[in-house]
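To start, the structure under review is shown below, and the notes come after it.
Here, each number is a calculation from the coordinates, and none is a lab measurement. Treat the numbers as computed from the prediction; the structure is a model and nothing was measured. Every residue, glycine as well, gets a Cβ built from its backbone with ideal geometry; the counts of neighbours run over all protein chains shown.
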Amino acid sequence: MEVRKLANSNVSVLEPKQHKTSTQPGRSNFERKVHKRRLVAIGVLFAIVLFILGSQIVSAHMTYTSTAQKIEVNQKKLDKQKATQSDLKVEINQLKDKNYLEKYIREKYMYSKPGELVYNLPDSVNAIQK
């Protein structure tokens, strides 16, 4: 409320204040600048949040990829070890057979019975040429 005195009188009149938003062009420019600054600040904040979240996603994806590769390599090693284990089990079972054991010892360690002569013959023609 605004107090105004009447002309040539001691009487005051109480009148409401008038808003002059449209008559002040400087005020609207100031408001535009403030809104623009706020919009830029919000945009920068949004970009920072997107960058942080994006880097987290990329980091998680790289970790997942490296873990998947390690799992694949270890799975291949495990399969190889299982194959080796099954081969060794077969060999253990064969070594329990007396005839196979004698044959294995004769071939591997050149073992012979008393009075027996052992001759080594090449397996193929290529072995002779070497």
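Could you give me the residue pairs with C-beta distances under 7 Å whose first residue belongs to segment 82-103 and is closer than 23 Å to V118 by Cβ, whose second residue is hydroxyl-bearing (S, T, Y) wherever it lies, and which are 6+ apart or on separate chains?
What qualifies is Q94/Y100.
Residues of segment 66-89 being basic (K, R) and more than 23 Å from the chain's Cα centre (by Cα), which ones?
Residues satisfying the conditions are K80, K82, K89.
Restricting to segment 30-65, give me the number of residues that are small (G, A, S) and more than 19 Å from the chain's Cα centre (by Cα).
Residues flagged as small (G, A, S) and more than 19 Å from the chain's Cα centre (by Cα) within segment 30-65 amount to 3.
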